[in-house]
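In what follows, a structure is listed as structure tokens, so that the remarks can point back to it.
Only the coordinates and a few stated rules stand behind these numbers; no lab work does. These numbers come from a predicted model, not from an experiment. Note that each Cβ is placed from the backbone with ideal geometry, even for glycine, and that neighbours are counted across all protein chains shown.
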Amino acid sequence: MKKGDIAEGIIERVEFPNKGILTVDGERLVVKNTIPGQTVRVLVTKRRKGKSEGRVVEVLKKAPQEREEGVCPHFTRCGGCIYQSLPYEEQLNIKEGQIKELLFSVYPEGSFLWQGLKPSPLPDRYRNKMEFSFGDEVKGGDLALGMHRRGSFYDIVTTTDCRIVHQDFCRILEATLTYFQRRNVPFYQKLLHIGYLRHLFVRRAVKTGEILVDLVTTTQTGWMEEVKSEKGESNLTEEELLDGWKEAVCALELEGKLVGVLHTQNDSLADVVQNDRTEVLYGQDYFFEELLGLRFKITPFSFFQTNSAGAEVLYETARSYIGDTKDKVVFDLYSGTGTIAQMLAAVAKQVVGVELVEEAVEAAKENAAGNGLKNCSFIAGDVGKVMDELEEKPDLIMLDPPRDGIHPKALPKIIRFGVERIVYISCKPTSLVRDLVLFKEGGYQMTKACAVDMFPYTGGIETVVLLKQLK
Ligand code: SAH
């Protein structure tokens, strides 16, 4: 096998998150975004011992479990999902296998209680947030709005039929796209750094149905002279253009309740939703979601679990894992809007949340007050640094770090507290197992673990583990 070769075979298994494994001439080839059992024709794109990679040229035969009908029309062009063609049970089987293999690589099978993968209460239309990008489907094509094309940095697939969000998202997407298409408004070209439309950010609370829409653009308005009003009569100002868009969104018949329409300016070179300045065009710049009987105010730029019903399962699981918290001081590290801290506050002596994003800390404080909780406090700062300054010592620790896991400098500090029980919630099992190696060396045994499928149809998995200090 060498680079440029064409190989054929059956995908044996898929490693987290989307690495299909094909054996060619006795050698392992990683082929991304494939499904176990698929017969594929593959172009070898990289040839290095143990690290060879290939790209699917053609799926010669579907996997036996793949559905023929009812599959999302954007699959497989859209880069959002990888398992749209699989029944939900099959997705769960694949993910459970992946997570077990990763955990067993640190704590051997039988040394802890594996409690399985809990399904998402809503397998379809479960997301409460989507960040759509403006662009074109092919170079020079019509304005598109949706997800990145699978494997592409530039091409955008218009996803008006997306199955993992409520139809309200699709209605807002379609109306926004039509509005700007009719007015020939240019999208921001990442390579050239010119243009206007960047992202459409939609959040819709599952429990309350409240919807917040945010249009992210650059501050470039040089193209405005060419933009005509719908009748083509006169030139529009930026204010008029945005006002017209707001009206179009407000006029939509939605099942949920539109509570805010925002405009955010972002001139950064990176392809991320960043807040340089946000203006409220209609309503307010926050919305409410409810989880486990608590109410949370969510602002556009603070983290909130994207699957609300799944988050309830996740947090219930974490609460049961941490066990008895009565008379205990609990640290909720990487606390976001303080969801976990507030859930624990009702059954603990005191909870201290630590979170980097100040906006999230402010929201957490406000939420705790709104929920009538007096025994939880929140500190804004980097976990690694705050740990050095804290006077208080925890009895128990809850950890929910971002995808990269716990910073190598922060982890020994967490171990040094020597608490009896730590619950680690992880959204990236490969980062989790890297950190587990260090917890193991630091004298912690993983006594039980399970996963929650917060991200049906995609490769994502959320894992919860209980670590106990060996005496
Ligand atoms: N526990 C929360 C948030 C988890 S997401 C929930 O369930 O909703 C991880 C959070 O860690 C994010 O809010 C992110 O802003 C925060 N974060 C990232 N790096 C951090 C650091 N070094 N110190 C503190 N918080 C950090």
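Things worth noting here:
- Cα gyration tensor, the range 366-459 - rounded (a/c under 1.5), prolate or oblate: oblate
- Interchain or long-range residues, amide H under 5 Å from Asp136's placed H: Ala144, Ile156
- The range 134-193 shape via C-alpha gyration tensor axes, a/c threshold 1.5: oblate
- Net charge contributed by nearby residues that have their C-beta within less than 9 Å of Val24 (K/R +1, D/E -1): -3
- Three-way shape label, the range 1-99, alpha-carbon gyration tensor, a/c 1.5: prolate
- Sparse-neighbourhood loop sites, trypsin sites (Lys or Arg not before Pro) in the range 82-183 - DSSP loop, at most 13 other Cβ within 10 angstrom: Lys139
- The range 105-249: projected area of the alpha-carbon convex hull, averaged over directions, in nm²: 12.5 nm²
- Dipole magnitude (debye, nearest 20) for the chain, charges at Cβ of Lys, Arg, Asp, Glu: 1860 debye
- Cleavage-rule hits, GluC sites (Glu not before Pro), the range 77-180, DSSP coil, Cβ neighbours within 10 Å at most 12: Glu109
- Efficiency of FRET from Cβ geometry, Leu113 and Asp327, R₀ 25 Å, rounded to 0.05: 0.45
- Viscosity 1.306 mPa s, temperature 10 °C, Stokes-Einstein D of the chain from Kirkwood C-alpha radius, µm²/s: 66 µm²/s
- Span per principal axis, largest first, for the Cα atoms of the range 24-165 (Å): 56, 42, 29
- Listed cross-link partners Lys328/Lys448; Lys3/Lys61; Lys95/Lys471 are compared with a 26 Å cut-off, the Cα-Cα value being larger for Lys95/Lys471.
- Counting other Cβ atoms within 10 Å as a rough exposure proxy, the listed residues His193, His199 run His193, His199 from fewest neighbours to most.
- When you filter the trypsin sites (Lys or Arg not before Pro) in the range 392-429 for DSSP loop state and at most 12 other Cβ atoms inside 10 Å of their Cβ, you are left with Arg403, Lys409.
- Net dipole in debye of the range 170-329 [+1 Lys, Arg Cβ; -1 Asp, Glu Cβ; about Cα centre; nearest 20]: 440 debye
- Cα-centred dipole magnitude for the range 57-136, charges only on beta-carbon of K, R (+1) and D, E (-1), debye, nearest 20: 200 debye
- Across the chain, the mean sequence separation of Cα contacts (distance under 8 Å, 6 or more residues apart), normalised by length, yields a relative contact order of 12 percent.
- Taking a point 7 Å out from the Cα of Val57 in the direction of its Cβ, the residues of the range 1-37 whose backbone N falls within less than 14 Å of it are 2-9.
- The label-point distance for Ser152 and Glu362, in a model that sets each label 7 Å from Cα toward Cβ, rounds to 3.9 nm.
- Spin-label model distance (nm) - Arg28 vs Asn93, 7 Å beyond Cα toward Cβ: 2.3 nm
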